[in-house]
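The values are calculated or read from the model by the stated rules, or taken from the named source; none is laboratory data. Remember, it's a predicted structure, so these values are computed and weren't measured experimentally. When we count neighbours, we look across all protein chains shown, and the Cβ atoms used for this are built from the backbone with ideal geometry, even at glycine.
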Amino acid sequence: MTIQFNDETFRDDYSFRNSDRAIKRFPFPFHEDSYMYSVNMEQHRGGPSGSVYEKRFDVDEHYLSEMRDRAIVLAEDPLRCQSLPHMTLAGWDTLELIMVSKSEDYPDLFELHRDGSRWRWVNKPMGIDHTFTFLDETTLPCGPLEYITRQAQGDYAVLDQRGDMLYMDAGMVTTQADWSLDFDIGMDFFEWHAPVPLAHEMGIFKRALKFLLNVQQGAPARRLNWTMTVNPLLDTSPENYHKWGIQKTTLTPENIGAKQHLRVELQTFYRLPRSNALLFPIRCYLIAFQDIVSVPKWGRRLHRVVRDLPDELATYKGFIANRPMMLDYLSQYDDGLPTSPGVWPDLETEPPLQR
Amino acid sequence: MSAAPQKARAGAERIDVTVSAVVPVNDLVTRFEFTRADGRPFPPFSPGAHTVVEMQDGGRTRLNPYSLMSDPSDPTTYAISVRRDDAGRGGSLFMHRNVKPGDAMTLSYPVNLFPLDRRARKHVFIAGGIGITPFLAMIAHLEHLGGAWELHYASRNRALGSYVEDLTAKYPHKVHAIFDEDGEAIALEDLLDGQPLGTHVYVCGPAGMIKWVHDTATAHGWPAENVHSEEFLAPQPGKPFEVRLCKSDIVIQVGENESLLEAMERCGVDAPFLCRGGACGQCETEVVEADGTFDHRDHWLEEDDHASGKKIMPCVSRFIGETLVLDR
Amino acid sequence: MSTFQFPPSIRSRPVYGTLAPRPGKAHLMIADAEGAEAILSLAGQGPGLMAKTHVIYIPKGTGETYVDQLRALKSAQFYTGPTYAASVQRIRRVLSDAHMGLQVYLAGTEGLMGQAEAEAIAAGIPHSAIQTEHRGSVARRMQCVHCKGITEDVMTDPFTCAHCGLNLFVRDHYSRRLAAFQGVCVDAEDPGNVPEPRELYS
């Protein structure tokens, strides 16, 4: 099907909206009525037709607007995309993976024509038709990682693997949940996760690392993560926190349904074939509370998860101060009925709100 | 999350191939070249990677890992070199005696447990015998990228030095061939001395050589992170033993000439694996109950894991005793 | 003894040890202020060590207190610099000429050790092979995550960024590449509500 691309903003007037179709395919992250950290990995080999899991790199109605927002962020702060000198080959690996995947998965939108090392890349939505030499940086307008991730939704961390450890050695990070690539670049897996509470003690990172070290070529993996954001703001960076932090205080009982957003990351993991690095795409999906509660099952469940989340996690995810107001709002959509297992909306089988 | 849970099959993804060439290299070593059965290009691979070759030997499936030695930038061909081991368990003999051009075989996707450290200012390779194979791919790769390298290659004599003529002819200033029968030896202390900061050393060869390089480098003040090695352990034969697999709820017999992992596979248990050589950690298995002695032969588990008797790597390790119950 | 026991912290925060001689063809010791004490102690442990050693010392506030004692170690080379900034070109020159087997020993304040460590890592020595020993001031080198400016010798939390003037709180999250801890705006969600600064570790 052809995608209708929205013309919308993720800043200033925040005209971002999800269509009905986008709401129904939203990657709701809670498979039961409570949440605790887990490694929760599974194979990334497609998923139900139309879902965000179906393609290797999901392209949706927000594509063009997200790419415009990325360009604005990079113009203001070029340090959001960096690659340590030894990661150039991994950048080419990333370019190859995304170009091959998108041209195979969305042949009506993207084309890749390869004649030896001479490649022609056509990105119809963005109006790009460019011929370059694979593995020759001088034939691209910028580095290979930056070139392709200016055309692909989500953040990208590129992890070097050395001696049973992963290192955050390159990335494109403009839609992050409050971490700084410029600060964290070069860190090992435990170091860049150091500020996360509880999970170290639970052994989560040790197990996750062991899993990720063994992600093999041809067998990608995925998991979900989530947090909360006031306003549909993609760039919740520490760099700009002194500018956007104040927005957290603008919530009122009247505007919370439209302003408060659940922010879900679809994280995928690919072994890159030429460099043996690990590509870690972090795709951000935003949804307003008022859109979540339009799905009765999700409304019931989100209330229970937010209510029962340990304080440390609510603090780390940055919504401890707003939690009471969130609960006042969400409780209207929880009638106490049981919910069906799994993440799907189950609109046909779950009862409407009983009040 | 479980959006669309799919069970992973044990081991890496597989590729169906056709044997395109069988080339004797010398009295002991033969090169096997493969093309893809479906005619598509092979996936690119990183130098140092190995593939697990599936051999259908009568009723028995043999799975042996071999380093990919072909040029990683050539997507038409994968190549391995196999040294015939007359005293081994039969995998290399099967390759030498039975595999002919045109045969259909199955390879795993490449898995790399011996990658280049791409930060290195310079790469120094030390090879013993058939340990030359991963370095052939690394050298081809670095030549494309313009990376600095040198090779010190010890073999028994010139006739048994696989690819030594090609290498010395092509790279006369970078390749240093050493022949044991001429009374030569790698001048390790000299070559470690005077390397620029940021040099990395890679060694592939017999266990004794690997230990010698690690020990000497440490004594010369080299950081452990700058010294890399790969040694595939072939599962060694041992006395037969019996194992109960509690999740599968069966009792299996491990024969003298098969590994515990192979015995599980023979009995239809889908056990995880990647390297089948005690190095990758993928097949690590919990011990539920044991009355006897473990014969740990892997490089993966820590010493205290070995001592605890709570874990075993079924690809290479064995057991001697009355009862062994595994969580598999 | 000018030692301080840092409280346990998160995984990215550096942990310092005690310098001990290691085998090597050449040795580079870089210290500031009370870090001289760690060098003096190290020199006594390895006979012949100093004959293969280049010592780079920045007295900072300690003036001449340790200089004569360090000179008396008769290292192969001995240099005192007025500031780290004045010494860094020399450090880079020494590292660019060095060979594998060089041992690096760092002692003194976190700022000095962190900056010298970043130079050694860039030259090709993994951080796990670089020895460090903290001595003297517990002041921190802080990067403002907003304007990227570095504020040296921060002693209080919160503090004012020397570049952009924002009020920043002191995190334990540390970047080895930048040789700095992270400072983040303390009053972003409530402008003007800045807690009274407290001395670090008080």
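Points to keep in mind about this one:
- Single residue of B:THR61, B:THR51, B:THR76 found to be β-branched (Val, Ile, Thr) and farther than 22 Å from B:VAL316 by Cα: B:THR76
- Selection over region C:41-53 of residues that are more than 14 Å from chain B (Cβ to nearest Cβ), out of contact with any Lys or Arg (no Cβ under 8 Å at 6 or more places or on another chain) and either under 19 Å from C:GLU119 (Cβ atoms) or buried (at least 16 other Cβ atoms within 10 Å of the Cβ) (or both) gives a count of 3.
- Residue that is farthest from the other protein chains (Cβ to nearest Cβ) [pool: residues in region A:201-234 that are assigned to a strand (DSSP E or B) and not polar (S, T, N, Q)]: A:MET228
- Considered as a group, the residues in region C:79-110 that are among the small types (Gly, Ala, Ser) and over 30 Å from B:VAL201 (Cβ atoms) include one that is nearest to the chain's Cα centre (by Cα), and that residue is C:GLY108.
- Failed criterion for C:ILE121 (all others in (1) over 29 Å from B:LEU192 (Cα atoms); (2) out of contact with any strand residue (DSSP E or B) (no Cβ under 9 Å at 6 or more places or on another chain) hold): (1)
- Count - residues of region C:6-27 that are within 14 Å of chain B (Cβ to nearest Cβ) and either assigned to a loop (DSSP other than H, G, I, E, B) or not hydrophobic (A, V, I, L, M, F, W, C) (or both): 7
- Only one entry of C:GLY192, C:GLY108 meets the criterion of being surrounded by 23 or more Cβ atoms within 10 Å (Cβ to Cβ) and on the phi > 0 side of the Ramachandran plot, and that entry is C:GLY108.
- Flag if A:ARG21 is out of contact with any Gly (no Cβ under 7 Å at 6 or more places or on another chain), assigned to a loop (DSSP other than H, G, I, E, B) and among the charged types (D, E, K, R): no
- When the strands (runs of 3 or more DSSP E) confined to region B:208-324 are screened for residues that are without any contact (Cβ under 8 Å) to a residue 24 or more places away in the chain, those reaching at least 1 such residues are found at B:250-254.
- Taking the criterion of being of a type in the set (Val, Ile, Thr), free of Cβ contacts under 8 Å to residues at least 40 places away in the same chain, in contact with a helix residue (DSSP H, G or I) (Cβ under 9 Å, 6 or more places away or on another chain) and closer than 21 Å to A:LYS55 by Cβ, the only residue of region A:97-156 that qualifies is A:VAL122.
- If only residues of region A:238-253 that are more than 7 Å from every other protein chain (Cβ to nearest Cβ) and not hydrophobic (A, V, I, L, M, F, W, C) are counted, the one that is surrounded by the most Cβ atoms within 10 Å (Cβ to Cβ) is A:ASN240.
- Looking at B:SER46, B:SER67, B:SER81, just one residue is more than 12 Å from chain A (Cβ to nearest Cβ) and within 18 Å of B:SER229 (Cβ to Cβ), and that residue is B:SER67.
- Here is the figure for region C:97-114: residues that are among the polar types (S, T, N, Q) and at pLDDT below 95 total 0.
- Criterion (within 14 Å of chain B (Cβ to nearest Cβ), assigned to a loop (DSSP other than H, G, I, E, B) and in contact with a helix residue (DSSP H, G or I) (Cβ under 8 Å, 6 or more places away or on another chain)) met by exactly one of A:SER49, A:SER38: A:SER38
- Test result for C:THR62, more than 14 Å from every other protein chain (Cβ to nearest Cβ), crowded, with 16+ Cβ neighbours inside 10 Å and either over 17 Å from C:GLU117 (Cβ atoms) or among the basic types (Lys, Arg) (or both): yes
- Picking from residues in region B:218-245 that are exposed (fewer than 15 other Cβ atoms within 10 Å of the Cβ) and away from every other protein chain (no Cβ under 14 Å), the one that is farthest from B:VAL325 (Cα to Cα) is B:GLN236.
- Complete set of residues in region C:1-42 that are out of contact with any strand residue (DSSP E or B) (no Cβ under 8 Å at 6 or more places or on another chain) and among the small types (Gly, Ala, Ser): C:SER2, C:SER41
- Enumeration of residues in region B:96-151 that are acidic (Asp, Glu) and either part of a loop (DSSP other than H, G, I, E, B) or assigned by TED's automatic domain parsing to the domain that holds B:THR51 (or both): B:ASP103, B:ASP117
- Subset of region C:1-40 [under 30 Å from A:GLU201 (Cβ atoms), surrounded by fewer than 22 Cβ atoms within 10 Å (Cβ to Cβ) and hydroxyl-bearing (Ser, Thr, Tyr)]: C:THR3, C:SER9, C:TYR16, C:THR18
- Within region C:111-134, restricting attention to residues that are of a type in the set (A, V, I, L, M, F, W, C) and over 11 Å from the mean Cα position of the chain (by Cα), the residue that is nearest to the other protein chains (Cβ to nearest Cβ) is C:ALA129.
- The set of residues in region A:163-200 being away from chain C (no Cβ under 12 Å) and at pLDDT 95 or above consists of A:LEU166, A:ALA170, A:GLY171, A:MET172, A:VAL173, A:THR174.
- Residue ranges of helices (runs of 4 or more DSSP H) in region A:244-355 with at least 3 members of a type outside the set (Gly, Ala, Ser) and closer than 19 Å to A:ASN225 by Cβ: A:296-308, A:311-316
- Matching entry among B:LEU116, B:LEU151, B:LEU145 (being more than 17 Å from B:ILE178 (Cβ to Cβ), touching a helix residue (DSSP H, G or I) at 6+ places or on another chain (Cβ under 9 Å) and surrounded by 22 or more Cβ atoms within 10 Å (Cβ to Cβ)): B:LEU116
- Here A:MET326 passes the criteria (1) closer than 30 Å to A:LEU212 by Cβ; (2) at pLDDT 95 or above except the one numbered (1).
- Screening A:ILE256, A:ILE292, A:ILE282 for residues that are under 16 Å from A:PHE30 (Cβ atoms), more than 14 Å from every other protein chain (Cβ to nearest Cβ) and β-branched (Val, Ile, Thr) leaves exactly one candidate, A:ILE292.
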